[in-house]
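The values are calculated or read from the model by the stated rules, or taken from the named source; none is laboratory data. Source: prediction; values computed, not measured. Cβ placement follows ideal geometry from the backbone for every residue including glycine, while neighbour counts extend to all protein chains displayed.
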Amino acid sequence: MNRSNFNRAVKTGIAAWVAAVFAVIMMVPAASAQDVDFGYRIYKDKAECWACHGWAADGLKDDPRSPPGPSLRETAWDEESLTEVIMCGRPGALMPYHDKFAYTDTRCYGIVMTDLPVNQRPPMAIQTLQKREVAALVAYLMATVVMAGEVTLEECVNYWGEGAQACQRLGAGG
């Protein structure tokens, strides 16, 4: 095979590979509006993520009794990492785990609970979540929160309602 034919074969192979990867990416469905809405309800009502992370997931917690949670709006999470943290919590931090079987086997970070010093063990969440609930919560966070930047007045009004006192810091009258 001469150099010209070899180069053409390599380019054709690369083009076919890129086309195949693109086709696979296009087959992965985006989160549906139903998934995002369900995830919002999990965030707000069942898992009560707002207590530590704030209603807007900006790290401004809404419950003074809750430990502070970081802003989820400023971190470039990917779905896999976010899912793992929700399911497994954060050893050495106060982020609870939401998988009722977490640390009973090595599904979480490859360790079991007894591998962790007592003061490094994450707490169990008050409400555990099923996998579909975690998937919906992640869909909500990825679609509306992760890397979303500053909280907007529109987001506040959507959450709290028109004229809410909570929205005053964003420029709305209360």
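List of remarks:
- Looking across region 80-107, just one residue is loosely packed, with under 13 Cβ neighbours inside 10 Å, of a type outside the set (Ser, Thr, Tyr) and under 13 Å from the mean Cα position of the chain (by Cα), and that is Glu80.
- Subset of region 143-154 (residues that are out of contact with any helix residue (DSSP H, G or I) (no Cβ under 8 Å at 6 or more places or on another chain) and of a type outside the set (A, V, I, L, M)): Gly149, Glu150, Glu154
- When region 57-69 is limited to residues that are farther than 20 Å from Arg41 by Cα and of a type outside the set (Lys, Arg), the one that is farthest from the chain's Cα centre (by Cα) turns out to be Pro64.
- Any hit, region 149-163, residues being assigned to a loop (DSSP other than H, G, I, E, B) and at pLDDT 95 or above: no
- Here Met147 clears all of (1) on the phi < 0 side of the Ramachandran plot; (2) in contact (Cβ under 8 Å) with a residue 60 or more places away in the chain except the condition numbered (1).
- Only one entry in Thr152, Thr104, Thr114 is without any contact (Cβ under 8 Å) to a residue 24 or more places away in the chain, closer than 21 Å to Gly39 by Cβ and of a type in the set (Ser, Thr, Tyr), namely Thr152.
- Gly163, sole failed condition from (1) surrounded by fewer than 18 Cβ atoms within 10 Å (Cβ to Cβ); (2) touching a residue at least 24 places away in the same chain (Cβ under 8 Å); (3) among the small types (Gly, Ala, Ser): (2)
- Subset of region 47-73 [touching a residue at least 60 places away in the same chain (Cβ under 8 Å) and charged (D, E, K, R)]: Glu48, Asp58, Arg73
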